[in-house]
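Quick notes on the structure that follows.
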Amino acid sequence: MSFHAAVTAQFPVRVFGGPTALFEYGGLRFLTDPTFDGPGQYPHEGGPVLTKTAGPSAAPADLGRVDVVLLSHDEHADNLDHSGRALLADVPLTLTTPGGGTRLGDGARGLADWESVELDRPDGGTLTVTAVPALHGPGAREEIEPITGQVVGFVLTGEGLPTVYVSGDNASLDLVREIAERFAPVDTAVLFAGAPRFPVLFGGAFIVLSSEQAVEAAGILGARRVVPVHYDSWAHFTEGRDELVAAFTAAGLADRLDLGERG
């Protein structure tokens, strides 16, 4: 078996467009940032209009059981749209930011940076989800969060299980270094990418990782596999699949890139 086949055989990841992915880990089924609406516009108070350009590759009814939603933040429609919000009512647990835990109510639990929660595995034992810091834009936290809001990432660990990092809408490689100090090497990194940006915010700088930054993050984490999400279906994503493949190929890491199972 090749190295690429070995790492991707850990567990399959289904991707649906935007930031939304589904995977089974320790017998539990995890869904990231649910976005299942069709194309349309989403005005945002105090910010630019978000335009969704393509619908998902499957509907919520096609997902099967979802045990946990890992929600990087609830304040932007490209991470939680109308259909995604409706889906949360049928999921036992949503892990998100402290503010999101308050806003979303029943079933949602907000986690502070580095706070962990243990979840029971169906086959016995537990797994741990640790909230890790993320920053939705360039610069210092005190400058970014008042504009784009608080965001959280997650690291999943468990006895006999691979280490999984879900970045959320993070643009800070310095924070990736902090996470790597505690958890590297990472077996699977689900990296939010797409190089989103707006001319009216932060001088047009990226507010989530670019393709080249995703490559750098993979190196920092010692990631054995990278599953990119958050790079299609929205107009403000400025880099897509082609740019990701090109960046990982140029870095000699194409064998670590796994584009997931669509739909």
Tally the DSSP beta bridges in the chain and give the antiparallel ones as a percent, rounded to 5. 60
At 0.36 nm per residue, and after removing the present C-alpha to C-alpha distance, how many nm does the segment from Glu145 to Thr238 gain when stretched out fully? 31.3 nm
Please compute the length gained on full extension between Val117 and Thr53, using 0.36 nm multiplied by the number of residues separating them and subtracting their Cα-Cα distance. 19.5 nm
Apply the Karplus curve 6.51 cos²θ - 1.76 cosθ + 1.60, θ = phi - 60°, to the phi angles in the stretch 166-179 and return the couplings in whole Hz, x for Gly and Pro. 10, 6, x, 7, 10, 10, 9, 6, 4, 5, 4, 5, 4, 5
Rounded to the nearest Å, what's the spacing between the alpha carbon centres of the stretch 110-145 and the stretch 224-263? Just the number, please. 23
Highest-MSF residue in the chain out of Val166, Val66, Val152 [GNM, Cα springs under 10 Å]: Val66
Counting only DSSP beta bridges with both residues in the stretch 30-180, what percent are antiparallel, rounded to the nearest 5? 70
Percent antiparallel among DSSP beta bridges with both residues in the stretch 135-263, to the nearest 5? 25
Which residue, Leu119, Ala54, Gly149, has the largest displacement toward the positive end of the dipole of the chain when charges sit on each Cβ (Lys, Arg +1; Asp, Glu -1)? Ala54
Among Gln213, Gly158, Gly252, which residue has its Cα furthest toward the positive end of the charge dipole of the chain, with +1 on Lys/Arg Cβ and -1 on Asp/Glu Cβ? Gly252
Cα-centred dipole magnitude for the chain, charges only on beta-carbon of K, R (+1) and D, E (-1), debye, nearest 20: 340
To two decimal places, what compactness ratio does the chain give when its Cα radius of gyration is scaled by 2.2 N^0.38 Å? 0.92
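Counting pairs of alpha carbon atoms under 8 Å apart in space and at least six apart in sequence, what relative contact order in percent does the chain give?
18
Bear in mind these aren't lab numbers, they're just calculated from the coordinates by the rules spelled out. Owing to the predicted nature of the structure, the values given are computational and were not obtained by experimental measurement. All Cβ positions, glycine included, derive from the backbone under ideal geometry; neighbour counts span all protein chains shown.
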